[in-house]
1. Which three numbers, in whole Å and largest first, are the semi-axes of the equivalent ellipsoid of the stretch 150-268 derived from its Cα gyration tensor as √(5λ)?
2. Taking each pair of different alpha-carbon atoms in the stretch 258-324 once, compute 1/r for the pair, average those values, and report the inverse of that mean as the Kirkwood hydrodynamic radius in Å to one decimal.
3. Can you pull the percent of Cα pairs in the chain with separation above 42 Å?
4. Specify which residue in the list His342, Val240, Asn312 is farthest towards the positive end of the charge dipole of the stretch 237-350, using unit charges on the beta carbon of Lys, Arg (+1) and Asp, Glu (-1), about the Cα centre.
5. Please get the size of the charge dipole for the chain, origin at its Cα centre, with Cβ charges of +1 on Lys and Arg and -1 on Asp and Glu, quoted in debye to the nearest 20.
6. With a 1.4 Å probe and all protein chains left in place, how much of the accessible area of the chain comes from carbon and sulfur atoms, in whole percent?
7. Ranked highest first by the average count of other Cβ atoms within 10 Å around their residues, in what order do 180-187, 76-83 fall?
8. If packing is taken as the mean number of other Cβ atoms within 10 Å per residue, what is the order of 447-455, 201-209, highest first?
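The values are calculated or read from the model by the stated rules, or taken from the named source; none is laboratory data. Since this is a predicted model, take the numbers as computed values, not measurements. FYI the Cβ positions are ideal-geometry reconstructions off the backbone, even for glycines, and counts take in every protein chain you see. Ligands, DNA and RNA are stripped out before the accessible areas are found, and what is left, the full protein with its side chains, is counted by its heavy atoms. Shrake-Rupley method; radii C 1.70, N 1.55, O 1.52, S 1.80 Å.
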Amino acid sequence: MDPQQAVPLGPRKKRPKQTGTSVAATPHDIRFQDLVLFILEKRMGTTRRAFLMELARRKGFRVESELSDSVTHIVAENNSGSDVLEWLQLQNVKAISELELLDVSWLIECMGAGKPVEMTGKHQLVVRRNSSPSHAPGSQNIPPPAVQKISQYACQRKTTLNNCNQLFTDAFDILAENYEFRENEGSCVAFMRAAAVLRSLPFPIISVKDTEGIPCLGDKVKCIIEGIIEDGESSEVIAVLNDERYKSFKLFTSVFGVGLKTAEKWFRMGFRTLSKIKSDESLRFTRMQKAGFLYYEDLVSCVNRAEAEAINVLVKEAVAVFLPDALVTMTGGFRRGKMTGHDVDFLITSPGATEEEEQQLLHKVTDLWRQQGLLLYCDLIESTFEKFKLPSRKVDALDHFQKCFLILKLYHQRVGSDESSQQEGKGWKAIRVDLVMCPYDRRAFALLGWTGSRQFERDLRRYATHERKMMLDNHALYDKTKRVFLEADSEEEIFAHLGLDYIEPWERNA
Ligand code: DCT
Ligand code: MG
């Protein structure tokens, strides 16, 4: 079953179609005086042309409605250079050779950048001699250059935090989460992949046509994109945000220690608020959930970078007391350059430690924090790691390294005496911290695995399995054809084993 077909297509209200002349009512400041654009309507259509003209004007570009001598750049879609040339000749344009003939992909990249971007070969429309313009077989089906080679795997795409398509990705994140709450894995994955591919695009989607040639966008996804383009919002997303079950699951799972099972139970019991749950005497809570309720306000307010850096110092200092040669690396979202996160993740490894010293470190570090009164919650899980175990086949499997899930007390930094006296409240914040200890020879795999994003990791494993007949997890990489484990001392080496171009941590925000 195609997961995207599982959802009924809801009705959408249609707006009356705009024409090319009805737009451009609002005057905009011209920021880029050197360029005068003209957008060709042929094969683009009046609606899309009007939309692009208005968008470009809003971004500070001068766009002419009529072709005139002042025009410097011609932007066309689904037209070859020869097609544009032929059209210009029919309009009796004199200085054709002085005009830049560009594919719409250039304009779309400019819209994403908010300024003119460099015109390269992929944007420039070339005039082929002796080619019969416009009628080359299949010419209509060639996607615009900018979207020609997008991989279905996030590990073959660069995804920075500069998301040009947040309007769509926010919507898909909500829909994916709703399917996760309803345990509809197929639809959840479909929307997560769609959001991930849109996050990687260097241009904003402004028409359904822009989605041509982009992988991971099924009919259902495209229908929602169309709805958002036309109405500015999606009726499906609004329905989810108002849905009792979604609202309750979102609220319940915001408590540390509450997963889908518990949320389901509380929802079925008729609970809708956390205060009712906390005060109900018949309910039993795990130690994790008790801590989750106790520090709820602190934990739902995200960790910022300054707090993450302060925790970094705390972890490094504590580790250095017991294992001075240990390497401590902040992983997770902060390593990918995010400014906020729900927790702070660390990977610890030591080149010189004995197995015993390695096993003792997290115990010693957490004992120290307990003595200092900084340990608000600690769940230490011992290692089940085995050297020659094959990597897991599951894309979401937990790893076997020793780790601890913590809540630490972070005192507010005191900059000066005035500042400290102004600090209101308790003077500290509860912060979720994950520490992972791994054997030194597995540090590259553990670092790659714990840097995320989750979608990036899933696609790395999927790529290894389906494209390379290899198995990858947070511990190892195994080549099934050669029946050997492939060793690595760095993330770069793992990418190289997989035949992938290296993707920097800040480009893994899939
Ligand atoms: N990870 C893993 N095994 C786990 C948990 C996480 O391999 N049991 C990986 C996937 C992403 C990375 O570690 C960090 O996990 P999170 O902290 O959940 O994600 P994040 O990207 O850091 O997000 P946030 O900013 O919300 O913390
Ligand atoms: Mg994290």
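1. Numbers: eigenvalues 151, 52, 29 Å².
After diagonalising the Cα gyration tensor, the semi-axes are 28, 16, 12 Å.
2. Details: mean 1/r = 0.0674 Å⁻¹.
Hydrodynamic radius (Kirkwood, Cα only) of the stretch 258-324 equals 14.8 Å.
3. Values: 43360 of 129795 pairs.
It works out to 33 percent of all Cα pairs.
4. Val240
5. On the way: 69 positive and 71 negative charges, 255 e Å.
Once rounded to the nearest 20, the dipole reads 1220 debye.
6. Details: 13260 of 26230 Å².
Ligands and nucleic acids excluded, carbon and sulfur reach 51 percent.
7. On the way: 180-187: 15.8, 76-83: 21.8.
The most tightly packed comes first, giving 76-83, 180-187.
8. Details: 447-455: 21.2, 201-209: 18.8.
So the order, starting with the most tightly packed, is 447-455, 201-209.
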